[in-house]
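The values are calculated or read from the model by the stated rules, or taken from the named source; none is laboratory data. These figures come from a predicted structure and were not determined experimentally. Note that we place each Cβ from the backbone using ideal geometry, even for glycine, and neighbour counts take in every protein chain shown. For accessibility, only protein heavy atoms count, side chains too; no ligands or nucleic acids. Shrake-Rupley method; radii C 1.70, N 1.55, O 1.52, S 1.80 Å.
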Amino acid sequence: MEEELYDEFGNYIGPELRDDDDEGAVEEEEEDEDEYADDNAFPRGGEVGAGAMETDDGAAGGEADGAGRVVLHEDKRYYPTLGEVYGEEVETRVEEEDSQPITQPIVAPAAKHEFDLSEPPGATSYSPAFLASLLGCPGLVRNVAVVGALGHGKTALLDLLIEHTHPEMRAKGEAEGSAPKVEGAGDEARRRTQASLRAHDPGRVWLERRYLDARKDEQARGLSIKANPISLVLATSRAKSFALNLIDAPGHVCFADEGAAALRLADGVALCVDCVEGLLMPAERMVRQAVSEGLRVVLVLTKLDRLIVELRLPPADAYHKLRHTVAHVNALLREAALTAPAPA
């Protein structure tokens, strides 16, 4: 009978088996698992079994409140709270995750404020009566000597101030179309330069006239021989006017006595330095004498266009060139202050 249930190869070929056997086997396995869990949850003799679960208080099964409650990994507390660390009186705040937008940086960059400095335009022209009234008040009068080496733009600087305070002179030059030529100018190169200046800007008559070169020999040679003064009214940034007695001192080494006399009369010094040539020996002598006289020195860098037109320097190199000139002047002032004789 048993041989008919299997074929010659040992495979079962009898009738189908009932499912009751499988269900009975599954029920027996579940009963065995329940018995094993009960044995581990309630060990005999109070001993903790190998399968006991840890609760939220770190104790086994029935030794803590809420026995049998399983504590998940994310619910366990490994570190003290902020209140326990800093105290109950300290307010602590915890920002929620991803509350900061992605467009906002974690560390905010330093804010850079761009602004422009501007001064309100003030009146630069004045009447002779106003100048006379200022000259009657000694507290509103300043004597300034404009010194520097030969060809460093001292007379041109004063001509600019004259044009700034006397706009009718420029208007007159524009109406005439060209400035009068200087008689006795024998230098052909200087004549070509003047013609070029008239062609580019006929109204700037001060470029040829040189108001403070009143002598014929000064006009013929194109340089200052005598110290020439001029009185102008100039205002500060707070719109307070002062009467300035400006003295144009010669820069040639042969006329150093005129510069020394100008320094004896001055309350301050405007030092003109060519940004390309730098500080030369005549200017150094003037600076040393000004420091020995106890005068304040103001540096004026002239002919900045030569850095671009002649030397063709890029902006970075031009900046270093100007910085070197300023450092040279400061070093000379410091040395002159240390070596200057004590006032009598």
Legend entry - Peptide ranges 76-84, 101-109, 293-301 listed from the most packed, as the mean C-beta count within 10 angstrom indicates: 293-301, 76-84, 101-109
Inset, instruction - Can you tell me the FRET efficiency between R306 and K216 if r is taken as the Cβ-Cβ distance and R0 is 41 Å, rounded to the nearest 0.05? - result: 0.90
Inset, instruction - Over all alpha-carbon pairs of the stretch 237-293, lay out the pair-distance distribution in 5 Å bins, whole %, shortest bin first. - result: 4, 16, 27, 22, 14, 9, 6, 2, 0
Inset, instruction - Would you please put 332-340, 227-235 in order of how densely packed they are, using the mean number of other Cβ atoms within 10 angstrom per residue and starting with the highest? - result: 227-235, 332-340
Legend entry - L338/A256 FRET efficiency (R0 25 Å; Cβ-Cβ; nearest 0.05): 0.60
Inset, instruction - Heavy atoms only, probe 1.4 angstrom, no DNA, RNA or ligands counted: give me K226, K112 ranked by accessible area, highest first. - result: K112, K226
Legend entry - Value of Rg/Rh across the stretch 252-344 [Cα atoms, Kirkwood radius]: 1.03
Legend entry - Filter on K154/K321; K226/K303; K216/K321; K112/K321; K112/K303; K216/K240 - keep pairs with C-alpha separation over 31 Å: K216/K321; K112/K303; K216/K240
